Amino acid sequence: MDATPAIIKLAVFAVGGQGGGVLSNWIVEVAERNGFRAQATSIAGVAQRTGATIYYVEMAEDTGRAPVFALAPSAGDVDILIAAELMESGRAMMRGLVSPERTTLITSTHRMLAMSEKTVPGNGIADPAPVLAAGRAAARRYI
């Protein structure tokens with residue numbers, strides 16, 4: 001029998017200024033105050049999208065043995081994914097981080113338009129319906 005505690009894997013996709021770093025720090029603090037070991041890392045985004053960043057948290061019950069945590073999320077291996085902007089949930093799905101066997105996807109319907117949407121003459125805003133439908137299909141649980 002394996003005595004290694006299960007590792008909970010959580011990713012936060014946030015656009016610059018949306019508080020993804022604050023949220024991931026709160027999650028780590030809550031975990032540690034409740035008997036878990038936790039680690040948070042971040043992968044900075046690109047300036048063209050106003051700095052979209054992936055914040056990644058892993059946590060496991062503290063058994064006295066140090067768990068081995070990853071530094072970044074892996075495809076098909078995320079338990080909870082929080083997207084603070086709708087198209088960021090689409091990017092998470094495109095990266096394979098949302099899986100029907102495992103992932104609870106929590107996404108905002110809020111939009112921050114991409115440069116490609118802003119520079120089109122007329123209305124260049126991408127239709128959100130395909131992203132919402134993909135989220136319902138790709139995730140084990142969709143909120």
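The values are calculated or read from the model by the stated rules, or taken from the named source; none is laboratory data. The shown structure was predicted, so the numbers you read here are calculated from the model rather than taken from an experiment. A quick note on method: Cβ atoms are made from the backbone with ideal geometry, for glycine too, and the neighbour counts reach across all protein chains shown.
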Determine if the range 92-102 includes at least one residue that is closer than 23 Å to Ile143 by Cβ and acidic (Asp, Glu). yes
Sole residue being crowded, with 16+ Cβ neighbours inside 10 Å, at pLDDT below 90 and of a type in the set (A, V, I, L, M), chosen from Met112, Met93: Met112
Going residue by residue through the range 96-109, is there one that turns out to be surrounded by fewer than 17 Cβ atoms within 10 Å (Cβ to Cβ), of a type in the set (S, T, N, Q) and under 12 Å from the mean Cα position of the chain (by Cα)? yes
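Residues checked against (1) part of a loop (DSSP other than H, G, I, E, B); (2) free of Cβ contacts under 8 Å to residues at least 12 places away in the same chain:
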{"residue": "Pro67", "(1), (2)": "yes, no"}
{"residue": "Ala92", "(1), (2)": "no, no"}
{"residue": "Arg102", "(1), (2)": "yes, no"}
{"residue": "Ser116", "(1), (2)": "no, yes"}
{"residue": "Arg136", "(1), (2)": "no, yes"}
Quick check, is Val57 among the hydrophobic types (A, V, I, L, M, F, W, C), modelled with pLDDT of 95 or more and within 13 Å of the chain's Cα centre (by Cα)? yes
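Select from the range 123-141 the residues that are charged (D, E, K, R) and surrounded by 13 or more Cβ atoms within 10 Å (Cβ to Cβ) and list them in ascending order. Give the derivation first.
First, the residues of the range 123-141 that are charged (D, E, K, R): 127, 136, 140-141.
Within the range 123-141, Arg140 is the sole residue that qualifies.
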Those residues of the range 22-37 that are at negative phi, in contact (Cβ under 8 Å) with a residue 24 or more places away in the chain and either loosely packed, with under 15 Cβ neighbours inside 10 Å or of a type in the set (A, V, I, L, M, F, W, C) (or both) come to a total of 5
